[in-house]
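Beneath this line is the structure, given in structure tokens, with notes to follow.
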Amino acid sequence: MADRTKGMTAKKMIDLNRQFSLFSWSIQGKTNPIPAVGGEGVYFWDANGKRYIDFSSQLMNLNVGHQHPKIVKAIQDQAAKLAFAHPGFATEPRGLLGEKIAQVTPGNLKKTFFCLGGAEANENAIKIARAYSGRHKILSRYRSYHGATHGAIALTGDYRRLPVEPAMPGVVHFLDPYCYRCPFGWTKKTCHLECIKHVEEILSYEGPDRVAAIIMEGVTGSNGLIVPPEEYWPAIREICNKYGILLISDEVMSGWGRTGEWFAVDNWKVVPDMITTAKGIPSGYVPLGAVIVSEPIANYFEDHMLWCGLTYSGHPLACAAGVATLEVYEEDGLIKNAKLLGKKLGKKLEQLKKSHPSVGDVRYIGLFSAIEVVKNQKTKQPLDPLSEVDSFLKANGLFTFINHHIIFVVPPLCINEDQLDEGLNIIDKALAISDAQVDK
């Protein structure tokens, strides 16, 4: 194995980054970045040679793991042949990737508009929905994140939207199927799916004939990994059918095998009119996003202008990485692994919940899971921030995403059970810190 400590020192790397670049979602003076230099599989290393197990797949995008040789080679080979092409050109990787996506997407989803990330995908999905439907309004949920650009942040329901308002007009938010913290006051035992009735009530106030689309994350990601009730997605599909509203599934985080299926909506046998996605298509190796549209929508633009355009749409390097990544999912059995190992992960998380008084809830589907940490299991008061827990995890060689009081467990799909146990054992020890802070 190569010496991972050669090259720029950790201090020099951090100093240069801090001095000459801005870090996202951060007070710049408080940033303390890990100086990353290499990775392999479920692990990565910093400039001091310290190894971390990656329990959030970096930012829920490195689904196949670090430095998969097939994807690295695909990028190298494509760079040697054609590094860039005009977005109006046809290229081999663009054609192959579009064909492959059509083969794995549900139902009649057929054509793809390529972009560079999830926010761009959602921006263009809005344009497409409004052009196709002739309507203006878009409905999305409050506990949602759809990106940070002008339109995507308007779709976003969470706190990150507020500092940059006013954003794009025409977006209406509705409440979520958050069973642990039901906004309607019910419990799992008393639930009568008011979260579904609520959507139709909102539509009645907004005028369903004015609503172009409802957009929802397949499974809510960074806002707490909220897995909906079994009836939820099919019922929203029926509501959209009833009023002629397009249904868009944002699969940026929950797609590409993460939930044990190609896409989260596949768990409920629902076919949306559009899928927006990014992250897992090239497994983060090269920036790539996509809007995948149904056949009727694709046919509409055969004789109507598509008012969408990007310099890097259909980028050859990104598409070549995407082709290789989709092949890796199949050849390495990663989606099957996510489903099978995800069941074991669920059982292990339930054990953590029983063992720790600071764990209020655990949620999981495939290798997409989260631990909600509370000060009191009865009142469900969040234990926020988890800075001491986060520091312990990093000090003990585990990196993961923590949002306020929620610890995410979203490892690369190539992880095995021993590696999963390795990371969970570190979390188990870290939860002793939060246990000491619960109300007595």
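Throughout, read-outs are computed from the coordinates displayed, never taken from laboratory work. Predicted model, so just to flag it, every value in this text is computed and none were measured. We place every Cβ from the backbone using ideal geometry, glycine too, and count neighbours over all the protein chains shown.
The figures follow:
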{"quantity": "Lys, Arg +1 and Asp, Glu -1 on Cβ, resulting dipole of the chain about Cα centre, debye, nearest 20", "calculated": "740 debye"}
{"quantity": "Computed E for residue 103/residue 190 - FRET, C-beta separation, R0 45 angstrom, nearest 0.05", "calculated": "0.55"}
{"quantity": "Size of the range 180-324 as Cα extents on the principal axes (Å, biggest first)", "calculated": "52, 35, 22"}
{"quantity": "Pairwise Cα inverse-distance average, inverted: Kirkwood Rh of the range 377-440 (Å)", "calculated": "12.7 Å"}
{"quantity": "Convex hull volume of the range 70-331 per residue (C-alpha atoms, cubic angstrom)", "calculated": "125 Å³"}
{"quantity": "Tail fraction, Cα-Cα pairs, the range 286-440, threshold 21 Å, whole percent", "calculated": "58 percent"}
{"quantity": "Length added when fully stretched, residue 22-residue 162, from 0.36 nm per residue minus Cα-Cα", "calculated": "48.3 nm"}
{"quantity": "Cβ-Cβ FRET estimate between residue 127 and residue 377, R0 fixed at 56 Å, reported to 0.05", "calculated": "0.80"}
{"quantity": "For the range 89-241, alpha-carbon Rg relative to the globular expectation (2.2 N^0.38 Å, N residues)", "calculated": "1.13"}
{"quantity": "Pair residue 86, residue 302: separation of 7 Å Cα→Cβ label points (nm)", "calculated": "2.6 nm"}
{"quantity": "Least to most buried among 274, 13 (fewest other Cβ within 10 Å first)", "calculated": "13, 274"}
{"quantity": "The range 1-102: trypsin sites (Lys or Arg not before Pro) in DSSP coil with no more than 10 other Cβ atoms inside 10 Å", "calculated": "6"}
{"quantity": "Residue among 356, 62, 437 farthest towards the positive dipole end of the chain, charges placed on Cβ", "calculated": "437"}
{"quantity": "Segment residue 180-residue 271, extension gain: residue separation times 0.36 nm, minus the distance between their alpha carbons", "calculated": "30.1 nm"}
{"quantity": "Hydrodynamic radius by Kirkwood, which averages 1/r over all alpha carbon pairs of the chain, in angstrom", "calculated": "22.6 Å"}
